[in-house]
Amino acid sequence: MFVFKAVRIRQGTWLYLDASLKLAKTSRYQNNNGVLNMSKIWVLSANSGNAKLFSADTPIGPLTEIETFDNPEARLKQSELTTDRPGRSYESHGDARHSMEVEVSPHEHEQIRFAKLLMDRIEQGRLKNKFDRFVIVAAPAFLGLLRTNLNPTLSKLLSLEIDKDYTALKTDELRTRLPERL
């Protein structure tokens, strides 16, 4: 078959068109019959308090809400998250006692737990082949926590990161803030 034009969709994915500009083959999204499979895209919009998971059937298609997550612990005061005073320890020499400091504050612990929960949900979707790639739109500080919970397989499927907090936007408004082609 004579290939007229090769078009790169994204890194590692090429469309090969014949002379009549019909799809000849693709290096990734083609089934056994030579029919192009459109990639399903998941979009996670999150901050430390809540998150929404969306799906788009095509790179330029509308978003459909799949699931909503809530983390009410992120909105609690630190005194409501902990019930005790810090532990105490004795000085190695003498009778003095000092309070022990925690390595991670209770708020940070809740944010880390929530970020892990969200990435576990994305991983479940990957294992069930629910999407081909995904996009993360998150508040800047929370985006860092999400990145630390990405496993290497998921990070290969991550096509776009946007460091904005769009969790309060409606689905249609969110889609207008995203690039035209996901």
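The values are calculated or read from the model by the stated rules, or taken from the named source; none is laboratory data. From a predicted model like this one, the values you see are computed outputs, not experimental measurements. Please note: Cβ atoms are built from the backbone with ideal geometry, for glycine as well, and neighbour counts cover all protein chains shown. Accessible surface areas use protein heavy atoms only, side chains included; no ligands, DNA or RNA. Shrake-Rupley method; radii C 1.70, N 1.55, O 1.52, S 1.80 Å.
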> Simple spin-label model, 7 Å along Cα-to-Cβ: Ala141 to Thr68 in nm?
Replying inline: 2.4 nm
> With every protein chain kept in the model, how would you rank Asp165, Asp172 by accessible area, 1.4 Å probe, largest at the top?
Replying inline: Asp172, Asp165
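Expected output is a single nm value to one decimal: the length gained when fully extending between Asn129 and Asn151, i.e. 0.36 nm times separation in residues minus the C-alpha distance. What is it?
Details: separation 22, 0.36 × 22 = 7.92 nm, distance 1.61 nm.
Stretched out fully, the Asn129 to Asn151 stretch lengthens by 6.3 nm.
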>> As a test of reading the structure, rank Asp70, Asp132 by solvent-accessible area (1.4 Å probe, protein chains only), most first.
In response: Asp70, Asp132
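What order do Leu63, Leu160 take when sorted by accessible area (1.4 Å probe), most exposed first?
Numbers: Leu63 15, Leu160 50 Å².
Solvent-accessible surface, decreasing: Leu160, Leu63.
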> So what does Glu110 come to for accessible area, using a 1.4 Å probe and Å² rounded to 10?
Replying inline: 30 Å²
